[in-house]
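Comments concern the structure below.
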Amino acid sequence: MAERNLLSGIRVIDCGTYVAGPAAATVMSDFGADVIKIERPGGGDLWRLFSKLPGTAHSEVDWCWALTNRNKKSVALDLGDPAGREAMIRLVRTADVFLTNYQRPLLEKFKLSWEDLASINDRLIYAHLTGYGDAGEDADDPAFDALAYWARSGLMTSVTGADGTPGVPRPGIGDHPTSMSMFGAIMLGLYQRERTGRGSRVTTSLLASGAWANACDLQAKFCNATFPTRGAGKHPPNPLTAGYLSRDAKLFMLVQIDPDNEFPRLCSAFGQPELAHGDLFGTNEARSENAAALHAILQSQFETRDLAEWRPIFKANDIKWAPLPKLDDVVTDPQMRAADAFIDMEYPGVGRLETVNSPIFVSGVEKRKPTAAPEVGQHTREVLRELGYAEDAITALVRSAG
């Protein structure tokens, strides 16, 4: 008997590709939803190929696929073939959620728009994730998170190095936050259905999610704020919110946004409480005017001890800080496990494999134990049998799909 969970009995059709849409279905699957992944026959979702591209991390395990498509069933359907589309329509009749990030022209081509499917299943939550929204001249343009979320939102040029060079995004840096927006929208749709008995269309976009991530700077710009500038070789504009090096060359981040209360504690931790009260650094205005000197003093203090020595001192003085670890350090960070950010799974040919947990937790509810991401079309026959197809019809469909 299948394990019951919060979303047990909810069927999700994941008719998406790459990350942002499908990752929302992954979160639902963690809470027990039955997720059926629709893939192109043959090669399947193009996300399967990403880890093979030049410049990406390489492993014997397809890490892209293992992360985004755990717990799912894969059904291979040629949506351009009438028989393949008919199988999709049968699936939609059994579904609670249809999730896609296909561009509108493609949805119209396959007759899988909201208008097409709402007439088939009036309780369906139709979740459409777009690159640039529903309206405007760019609405139907192709998009990745690096383009719509990271670049177009202004985040890329807001997060720069000392020389002003824009930071290059990492894989999924915008897809995964956007997937949480999509997850929230779907759950609102399901909640509305509980009240009304009817389905609805819910949406989000990479662009809007990127704007939300960059909302503080954008709001400041809307308010005609002036921004500090930083050039190569200069000190940070606010030394109390900046990165530093310890004696053993470990990077860490210091953040003090209530300096009138926090800066004296930092000076006491150095054994120099008088720094917090003199004319040079006693007020925000003074610290701003003398930022270069303050930055130099702080760095000279931090480089007197190893980071491991600073940890208990920071904790004892309630100093807000965080290490700037390398990936080798992040994956072994015990706090990550204490926060349930990582979870184990069994993976074919590998055995025990750690993966990244979805970041939502409900007290008293155990998430589903993750299962391995499927091969292309691994569950086609199983799902088609559930839909009432006879074996000869299933064989014909599988054969026609290639």
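Values in this text are rule-based calculations from the coordinates and carry no lab data. Just so it is clear, the structure is predicted and the values come from calculations on it, not from any experiment. Cβ placement follows ideal geometry from the backbone for every residue including glycine, while neighbour counts extend to all protein chains displayed.
Summary of values
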item: Sequence-separation-based contact order of region 89-207, relative, with Cα cut under 8 Å and 6+ spacing, percent; result: 32 percent
item: In region 153-219, trypsin sites (Lys or Arg not before Pro) in a DSSP loop with at most 14 other beta-carbon atoms within 10 Å; result: ARG198
item: Entry for percent of Cα pairs over 26 Å apart (calculated from the structure that is shown) out of (1) 71; (2) 57; (3) 62; result: (3)
item: Relative contact order %, region 56-148, counting alpha carbon pairs below 8 Å whose residues are six or more apart; result: 22 percent
item: Estimated FRET transfer efficiency (THR229, ASP392; beta-carbon r; R0 51 Å; 0.05); result: 0.10
item: On Cα atoms only, tilt of 175-196 relative to the major axis of the chain in degrees; result: 60 degrees
item: FRET efficiency, 1/(1 + (r/R0)^6) with R0 25 Å, evaluated for ILE360 and ARG85 via beta carbons; result: 0.15
item: DSSP-defined antiparallel bridges as percent of all bridges, the chain, nearest 5; result: 40 percent
item: Pairwise label distance in nanometres, SER268 with ASP141, each label 7 Å out on the Cα-Cβ vector; result: 5.4 nm
item: Full-stretch length increase - ASP333, ARG247 - with 0.36 nm per residue and alpha-carbon distance subtracted; result: 28.9 nm
item: Helix axis angle, 391-400 relative to the chain longest principal axis, alpha carbon, degrees; result: 60 degrees
item: Only Lys, Arg (+1) and Asp, Glu (-1) charged, at Cβ; region 85-237 dipole about Cα centre in debye; result: 320 debye
item: nm² value of the averaged projected area, convex hull over the Cα atoms of region 261-402; result: 16.6 nm²
item: Sequence-separation-based contact order of region 177-257, relative, with Cα cut under 8 Å and 6+ spacing, percent; result: 17 percent
item: Lys, Arg +1 and Asp, Glu -1 on Cβ, resulting dipole of region 263-343 about Cα centre, debye, nearest 20; result: 180 debye
item: Amide H contacts of THR241 (H built 1.01 Å from N, under 5 Å, at least 5 apart or other chain); result: GLN256
item: Dipole magnitude of the chain about its Cα centre (Cβ charges: Lys, Arg +1; Asp, Glu -1), debye to nearest 20; result: 620 debye
item: Loop-exposed GluC sites (Glu not before Pro) per DSSP, neighbour cap 14 Cβ within 10 angstrom, longest uninterrupted part of the chain; result: 138-302
item: Under 20 Å from the SER119 label point (7 Å along Cα→beta-carbon), backbone N, region 2-24; result: none
item: C-alpha center-to-center spacing [region 123-180, region 1-79] in angstrom; result: 20 Å
